[in-house]
Amino acid sequence: MIRKAKINLLLVSAAVLALNSLLISGGIWFFRSELSYAYFKARSHVLELKIIDKELNVVGELRASVREARDDIILLRDMFFEREDVASFLEVLEKMASMRNLEITINAAEIVDGQRFSALFRFSLKGSFSDVAAFVTMIENAPYFAELEEISINKVGRAEVRAYLIVQAQ
């Protein structure tokens with residue numbers, strides 16, 4: 001009987017040990033699968049964050065491009081002529097002539113309303129040929145959209161010329 005009790009005790013102990021081993025290995029397997037799933041989710045979040053970071057960089061670049069484009073649009077808008085600019089353009093012509101030691105006579109300023117506002121300026125310059133040529137270059141390089149429509153130059157003295165110009169500012 002003692003032997004039978006020992007055998008029963010050993011069998012029960014073995015069964016408890018096997019059950020404990022089974023529970024422990026099942027727990028380890030479950031923990032490992034949960035850990036693997038958590039790692040997979042964390043890795044997915046890291047990849048998503050990298051994608052978001054790249055998209056944020058693209059958005060930042062786009063914002064910078066928009067700012068640059070906005071500045072360029074403002075510069076372009078300022079290059080075109082408006083009705084309010086007529087008087088200041090006449091002043092600019094007079095200052096440019098003065099800078100080149102030219103005598104300027106403004107004959108007419110004609111406003112042309114079409115699809116886009118423009119003004120036609122007719123004037124004459126008197127001075128040296130090199131100063132007239134420099135004045136024409138200044139008009140062509142000015143920070144607004146002005147086009148030299150017509151120019152004629154006549155000699156009026158040994159070193160003097162008279163130039164008749166028509167400039168269209170748009």
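No lab work stands behind these numbers, since they all come straight from the coordinates. Keep in mind that what you see is a predicted model, and the values were worked out from it rather than measured. Positions of Cβ are generated from backbone atoms using ideal geometry, with glycine treated the same way; all protein chains shown enter the neighbour counts.
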Quote to one decimal, in nm, the extra length available between residue 13 and residue 164 on full extension: 0.36 nm per residue of separation minus the C-alpha distance between them. 42.3 nm
Which net charge results for the neighbourhood of residue 42, defined as the other residues with beta-carbon distances under 14 angstrom from its beta-carbon, given Lys and Arg at +1 and Asp and Glu at -1? +1
Leaving out same-chain residues fewer than 8 places away, which lysines sit with a Cα under 28 Å from that of residue 54? 41
What is the magnitude of the charge dipole of the chain about its Cα centre, with +1 placed on the Cβ of each Lys and Arg, -1 on the Cβ of each Asp and Glu, and no other charges, expressed in debye to the nearest 20? 2200 debye
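Report the calculated FRET efficiency for residue 103 and residue 141 (r = Cβ-Cβ distance, R0 = 22 Å), to the nearest 0.05.
According to the calculation, E is roughly 0.50.
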Applying the span-like rule to the chain (DSSP H, Cα extent along axis at least 30 Å, Kyte-Doolittle mean at least -1.0) gives 2-79
Among (i) 148, 34, 20; (ii) 48, 39, 35; (iii) 101, 32, 27, the entry derived from the coordinates for Cα extents along the principal axes in Å: (i)
